[in-house]
Amino acid sequence: MFHHLFVCTGPTCSQQGAEETLQALQKNIEEQNLRKNVRVTLCRCLGQCGNGPNLVIYPEGTWYGHMEEKEVGRLVREHLIEGKILTRLAQIPVD
Ligand code: FES
């Protein structure tokens, strides 16, 4: 399945470690040979700053908060490869 990830690198998420998360994500995607099946797009603010670092995965439309660098290996393995949502980190966006 093809996945498109929107990773927030806005100011608040960056203060919460978004750059480290992004680097770990790109490294894991490369290591798992997923480059043809995963696109990563950076965005400036998803409006959920209090839960950062934030990212959203489509086509599922799953929002993840507190996506720290240490969680990325599990995210790639379980969500992107096995198709399982990490319920502990999944968020319902708040207006
Ligand atoms: S800066 Fe990431 S949600 Fe606002």
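The values are calculated or read from the model by the stated rules, or taken from the named source; none is laboratory data. All values derive from a computational prediction rather than experimental measurement. Every residue, glycine as well, gets a Cβ built from its backbone with ideal geometry; the counts of neighbours run over all protein chains shown.
Under the condition of being under 12 Å from CYS8 (Cα atoms), touching a His at 6+ places or on another chain (Cβ under 7 Å) and more than 14 Å from the ligand (Cβ to nearest atom), the residues counted in segment 31-74 number 1. Within segment 1-54, restricting attention to residues that are within 23 Å of LYS84 (Cβ to Cβ), among the charged types (D, E, K, R) and in a helix (DSSP H, G or I), the residue that is nearest to the chain's Cα centre (by Cα) is LYS27.
Restricting attention to segment 1-28, the residues that are touching a helix residue (DSSP H, G or I) at 6+ places or on another chain (Cβ under 9 Å), modelled with pLDDT of 95 or more and more than 16 Å from GLU68 (Cα to Cα) add up to 1. Selection of segment 4-24 for residues being buried (at least 20 other Cβ atoms within 10 Å of the Cβ) and more than 15 Å from the ligand (Cβ to nearest atom) yields only ALA24. Pairing residues of segment 29-55 that are within 30 Å of ASP95 (Cα to Cα) with residues that are acidic (Asp, Glu) and within 16 Å of the ligand (Cβ to nearest atom), at Cβ distances under 9 Å and at least 6 apart in sequence or on separate chains, gives GLY47/ASP95; PRO53/GLU19; PRO53/GLU20; PRO53/GLU68; PRO53/GLU69. You will find that of LEU80, LEU89, the residue that is touching a residue at least 60 places away in the same chain (Cβ under 8 Å) and of a type outside the set (Gly, Ala, Ser) is LEU80 and no other.
Condition check for GLU69 on (1) touching a strand residue (DSSP E or B) at 6+ places or on another chain (Cβ under 8 Å); (2) within 13 Å of VAL7 (Cβ to Cβ): one failure, at (1).
In the condition set (1) touching a residue at least 12 places away in the same chain (Cβ under 8 Å); (2) basic (Lys, Arg); (3) more than 18 Å from GLN23 (Cα to Cα), ARG74 is compliant with all but (3).
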